[in-house]
Every structure is written in structure tokens, then in C-alpha cells.
1. So, B:Arg61, is that one closer than 22 Å to B:Ala141 by Cβ, more than 14 Å from chain A (Cβ to nearest Cβ) and open to solvent by 10 Å² or more (accessible area, probe 1.4 Å) or not?
2. Please find, within the stretch A:63-82, the residue that is nearest to the other protein chains (Cβ to nearest Cβ) out of those that are buried (at least 22 other Cβ atoms within 10 Å of the Cβ) and over 22 Å from A:Val138 (Cα atoms).
3. Is it fair to say B:Glu100 is in contact with a strand residue (DSSP E or B) (Cβ under 8 Å, 6 or more places away or on another chain) and either surrounded by fewer than 18 Cβ atoms within 10 Å (Cβ to Cβ) or not hydrophobic (A, V, I, L, M, F, W, C) (or both)?
4. Is it true that B:Gly195 is within 14 Å of another protein chain (Cβ to nearest Cβ) and at pLDDT 95 or above?
5. Take the stretch A:187-207 and flag every residue that is open to solvent by less than 10 Å² (accessible area, probe 1.4 Å) and within 19 Å of A:Arg155 (Cβ to Cβ).
6. Any chance you could count how many residues in the stretch B:144-160 are open to solvent by 70 Å² or more (accessible area, probe 1.4 Å), within 21 Å of B:Leu232 (Cα to Cα) and free of Cβ contacts under 8 Å to residues at least 40 places away in the same chain?
7. Select the helices (runs of 4 or more DSSP H) contained entirely in the stretch B:1-72, then report the ones holding at least 3 residues which are at pLDDT 95 or above.
8. Determine whether B:Gly214 is assigned to a loop (DSSP other than H, G, I, E, B), open to solvent by less than 40 Å² (accessible area, probe 1.4 Å) and within 24 Å of B:Glu21 (Cβ to Cβ).
Amino acid sequence: MKKALINAVCNLMDENENVYMFTADLGYGVMNNIIENYSEKFVNMGICEQNMASTAAGMAMEGNIVFMYSIGNFPTLRCLEQIRNDIAYHCANVKIVAVGGGFAYGNLGMSHHATEDIAVMRAIPGMTVFSPADSSEVTAVVKEAAKIDGPVYIRLGRGGEPDVAHISLDINKVMRIAERESDSMKPSIALLGTGTVVADVADASKQLKETYNVSAYSIPKLKPIDMDGVLEICKSNDCVVTVEEHNIVGGLGSAIAEVIADNKVGTRLIRIGMNDQFTQVVGSPDYLRHYYGLDCAGIVEKLHKIYEVEND
Amino acid sequence: MGIRECTVEKLGVKKTMTSKELANRLRVHTVEMAHYSKESHVASALSICDIVAVLYHDVLRKDPMDAKWEERDRFILSKGHACSTVYAALAETGFFSVDELNTQCQDGSRLSGHITYKNVPGVELSTGSLGHGCCVAAGMALNAKLKGKKYRTFVLVGDGECDEGSVWEMALFAHQYKLGNLTVVVDHNKMQAMGFCKDIADHVNLADKWQAFGWEVIEVDGHDHGQLSMALNKRGTEKPVCVVAHTIKGKGVTFMENNLLWHYRDPQGEDYENALRELRAQ
């Protein structure tokens with residue numbers, strides 16, 4: 001994902017002389033292409049996220065597009081007020097990039113687990129929020145972000161995420177990654193995932209086919225969300241399940257709940273994510289996804305249990 | 001100096017008005033605005049009237065008929081609570097009507113209690129939370145530096161505001177990127193919200209601190225227009241410039257000077273009459 005991001009930003013720099021990359025002294029090795037080939041567009045702000053956010057706002061107010069890069073919670077929570085007051089209130093053209101959303105830095109401890117960032121960024125007026133699942137989504141997200149005249153949050157994994165088999169690739173829409181059967185009496189469920197859990201969602205959709213008539217989707221754009229696409233899914237399924245490497249408060253599950261509530265749709269919603277808790281253990285992303293029930297096995301187990309209880 | 005050809009004329013300040021006269025007008029407006037709005041911070045606003053008057057009279061290149069003129073100098077009030085002085089300066093120099101000043105903070109007014117750029121011509125940035133404006137100013141200065149633009153960027157911060165870590169993040173950055181086109185003015189009135197700076201978060205010596213961060217530091221009497229004009233018109237070469245302006249909080253109204261009460265209280269009744277009488281006699 002990181003490589004896709006940098007390549008996409010370099011492409012933008014080729015097209016537009018007003019594109020800049022700021023970093024708060026992170027991205028060693030990642031930034032090489034920019035440092036070597038676009039050095040005049042690269043600014044290492046030092047370990048100063050607050051100043052980075054405000055300075056990016058000042059640069060953007062002068063007609064530039066500024067990508068500000070850091071990891072985990074540093075480019076969001078550490079400088080939240082600067083994002084709110086200086087970037088968002090002034091509609092500044094700043095693209096906030098966080099590498100390592102969710103458990104990407106799982107071994108490094110709670111400080112590096114970003115599990116509230118989507119909720120916080122979604123709550124800021126005018127902020128567009130993306131959480132791409134693989135490199136192809138990242139490339140499309142960066143292109144789309146550059147078209148938006150205003151603040152954008154881009155939440156990435158750390159790298160090495162498997163490619164998602166998209167049936168369609170329109171970054172502004174819910175994107176189908178698994179089709180349900182056309183003729184089935186089984187209860188229909190739609191699995192909706194965002195970001196780094198989408199591969200697990202795709203795997204889970206295969207394992208649940210014996211019990212449910214399953215479709216699955218990747219939703220990289222969380223705000224504004226594809227209301228029509230979500231509504232169509234909600235209206236055509238018995239149950240919608242959201243999966244996210246994030247607190248269930250304020251993230252994808254909440255976004256879908258808002259669509260359901262606002263449109264008087266009665267679809268059942270099951271939210272899978274961090275249950276309003278901090279991590280209590282460390283480990284690899286795979287380990288933590290499994291520990292907190294967000295991986296394929298966790299999704300399948302939860303939905304089988306629900307089926308058993310409801311059909312007992 | 002001055003807007004395009006001549007600051008004084010183009011900015012709508014009467015040609016005969018000196019910067020001292022402008023400063024006194026700002027003081028009167030400031031007291032009136034606090035009276036009508038019934039809001040705090042009149043002493044903070046009085047503290048910066050001379051700095052702001054010299055900026056708008058002698059230094060800033062601005063065009064009230066074209067507030068977004070690309071080559072204008074950028075001025076940001078980082079201590080946004082002292083905004084009545086800047087609103088008054090903008091009105092006195094033709095950006096909007098003086099008649100509007102006393103609507104500040106009233107229902108539906110565009111003039112908020114902390115400075116805002118929304119719908120207010122001539123304001124670059126909304127502030128109110130301390131330690132933001134100076135960092136945004138650094139971004140504007142960086143843009144000019146990277147693109148060879150001639151505009152200068154000025155930002156006015158409070159000494160209490162220098163408690164904020166972000167101010168020093170910016171100080172590191174502006175030195176590292178050699179932003180000689182950036183001038184920070186510190187309103188050094190030695191007081192902050194709960195008392196004297198030295199009793200709360202002692203900066204020991206602010207000028208030394210900015211110098212230690214690699215800035216060119218000029219200390220001035222923040223009420224001496226000659227010293228202010230000389231310091232503010234001095235362009236940095238590679239080093240960013242910090243003008244440490246020694247000021248008196250509440251300057252111009254004797255009973256408000258160095259009196260923390262007037263960080264909060266709004267002038268009413270006899271206080272209001274006495275303040276205006278003293279200012280009008282100056």
C-alpha cells in the first residue's frame with residue numbers, strides 16, 4: 001500500500017507542480033522515489049505533527065495540494081485540533097495519510113494501534129474519509145483525493161496486504177467482491193468490510209456459503225458514503241454485517257447504521273469490530289485480528305453462532 | 001513599505017492620520033467593542049494596538065479593494081482573542097465599514113469574539129486556540145520561499161501563547177527552512193490568563209529563547225512606533241525574524257494597565273466612561 005501511495009503521489013507531482021509531500025520524520029525507505037526525484041516537493045517537518053498540520057494548511061491556502069504523512073495515530077489524534085481548526089474549517093486542500101490503520105503495528109503496543117481514527121475523522125465537517133483495502137484501491141483513492149478541493153483522510157495498512165478480487169472498481173461506490181447465488185432459499189447476508197480486513201471478509205464469504213446466501217463488499221470510501229449502494233444492499237438482504245479493524249463506535253458499522261436509520265430501512269445490522277475497548281495484548285496484525293474476532297475465523301464463528309441461536 | 005505604492009492612501013487611512021492617531025482610534029474602538037459585546041479580552045486587545053497600527057500604517061502591503069490580492073503581505077493574529085484591534089484596523093483602513101464594529105459578538109454578526117476569516121475581508125485565518133496561527137503562517141512563508149514570491153508573512157503571538165509546544169515546533173521548522181520572509185511579533189506584556197507569565201510557566205527570557213532557536217531577534221518597546229516600524233520593516237535574509245515587543249497589558253487606560261481583572265471584565269458604567277475619556281484625551 002505504501003509503495004502504491006508514493007507512486008500515485010509521484011504521478012500527481014508529474015501532472016501538477018503544486019503537489020507537496022510533508023512527513024513528520026517517518027517513511028524511511030518509503031519516500032525514496034519522492035526524495036530522489038522530487039526533492040523540491042518533499043518537506044520533512046521533523047517530529048512535529050501539530051506544526052506539520054498547520055503548516056500544511058498554510059501551504060494549501062496558497063494554492064497547493066499537500067499530502068501529510070505519518071503513521072498510526074500521529075497524523076490524526078496528535079494534531080486533531082490543527083486538523084479541525086486550520087485544515088477543515090478553512091477547507092484547506094490537505095490530504096492526511098496515516099500508514100498503519102488498525103493493528104498494522106500490532107507488536108508495538110497500544111500507542112501504535114489506530115482504532116478510533118475513522119470515527120474521529122468522520123466527525124469533522126467537510127472531511128472525506130477513505131480506507132482502501134489493497135494497492136489498486138490506494139492508487140484510485142489518491143487520484144480521487146487529488147480531485148477533491150478540500151481535506152481528505154486516507155487510512156492505509158502497513159504493506160503486504162493481499163489483492164482484493166474486485167468485481168467492480170469505482171472507488172466512490174461500494175465495491176462487490178463476492179456475488180450471492182441468484183436462486184437460494186438460505187437467509188441472505190451481505191458482508192461489508194473496509195481497509196485491511198477486506199481479505200478476511202472475502203474469505204469468510206466463501207466459508208459461510210453453506211449457511212447463508214452471501215455477498216461481500218469492500219467500502220473504501222466511508223464519508224460521504226455511497227448511500228444508494230448501501231441502501232440497495234440493505235433492502236435486498238436479510239442481514240448486513242460490517243467488519244472493521246476499528247472501534248464499532250463511529251466507524252463503518254456506525255456509518256451503515258446511520259444510513260439504515262436515516263432511510264427507515266429495517267435491515268438487521270451486525271457490527272464486528274473492537275467493542276469499545278483498547279487492545280490488551282500485542283502481536284502481529286493476524287494474531288490481533290484473530291484475538292479480537294475480526295479475521296475470517298472470527299467472522300464465520302460469530303455468524304454461525306447467530307444462525308444456530310436463531311434457528312434452534 | 002505600504003500597499004502597492006502607498007499604504008496610507010490606498011488603505012483608506014486619511015493621509016493626515018499618523019500611526020499614533022490610528023493606534024488611538026483602535027483603542028477607542030476596542031473599548032467600545034468590549035462595552036457593546038460584553039465580552040472579555042479588552043486588555044489583551046489594548047496591548048497590541050500600537051503594533052497593529054504600525055503594521056497597517058507603515059508596513060503591510062494590502063489592498064482593501066482587493067483583499068485577496070496575490071502579492072499582499074500576509075498578517076495572522078495568532079492570539080485570536082485580541083481580535084477587536086484587528087477588526088478595528090481593517091475597518092479604519094477600508095476593508096469594511098467602521099459602523100459594523102460594534103456588532104461584534106451580537107446575534108448574527110460576522111465579527112466573532114475570536115478572529116475569523118469567514119466573510120470578513122482582510123482576515124487571513126481564523127484563530128482562537130493558541131499556537132495555531134504562527135504555524136499556518138510558516139506554511140504561507142514556506143510557499144513564498146519555495147515559489148520565489150515577494151510577499152512577507154507576519155504573525156502576532158502572545159507571550160502566554162509561547163507556553164504552547166506548537167510555537168516551538170514552528171520555531172524549529174522556520175529556522176531549518178530558512179524562512180527569512182517570516183516575522184513573528186511577540187506581544188510581551190508579561191501576563192497571561194491566570195497571572196504573570198513568570199509565576200505560571202516562566203519563559204525566563206523570551207528573546208534568548210527565540211535566539212537559541214536560531215532566529216534573528218529584535219527587542220523593542222511595543223508602544224514606540226519608531227522602534228516598531230524599524231523592526232517590522234526589517235526583512236530577514238535567511239533567519240526568520242522575531243520582534244519581541246515589550247508591552248503593557250491594557251495600555252492606554254490607566255486602571256486597566258497590568259490589571260488581570262481586565263483580561264476578563266468588560267467596561268460598563270463609570271469604567272466605560274472613564275476609559276473613553278482618558279483615551280479621547282490622548
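The values are calculated or read from the model by the stated rules, or taken from the named source; none is laboratory data. Keep in mind that what you see is a predicted model, and the values were worked out from it rather than measured. When we count neighbours, we look across all protein chains shown, and the Cβ atoms used for this are built from the backbone with ideal geometry, even at glycine. Each accessible area value is taken on the protein alone, full model and side chains, heavy atoms only, with ligands, DNA and RNA left out. Shrake-Rupley method; radii C 1.70, N 1.55, O 1.52, S 1.80 Å.
1. Working: closer than 22 Å to B:Ala141 by Cβ: yes; more than 14 Å from chain A (Cβ to nearest Cβ): yes; open to solvent by 10 Å² or more (accessible area, probe 1.4 Å): yes.
Considered against the rule, which asks whether it is closer than 22 Å to B:Ala141 by Cβ, more than 14 Å from chain A (Cβ to nearest Cβ) and open to solvent by 10 Å² or more (accessible area, probe 1.4 Å), B:Arg61 comes out as yes.
2. Filtering the stretch A:63-82 for residues that are buried (at least 22 other Cβ atoms within 10 Å of the Cβ) and over 22 Å from A:Val138 (Cα atoms), the one nearest to the other protein chains (Cβ to nearest Cβ) comes out as A:Gln82.
3. On the way: in contact with a strand residue (DSSP E or B) (Cβ under 8 Å, 6 or more places away or on another chain): no; either surrounded by fewer than 18 Cβ atoms within 10 Å (Cβ to Cβ) or not hydrophobic (A, V, I, L, M, F, W, C) (or both): yes.
Criteria not met by B:Glu100.
4. Criteria not met by B:Gly195.
5. A:Leu192, A:Gly193, A:Thr194, A:Gly195, A:Val197, A:Val198, A:Val201
6. 1
7. B:19-37, B:42-47, B:49-54
8. no
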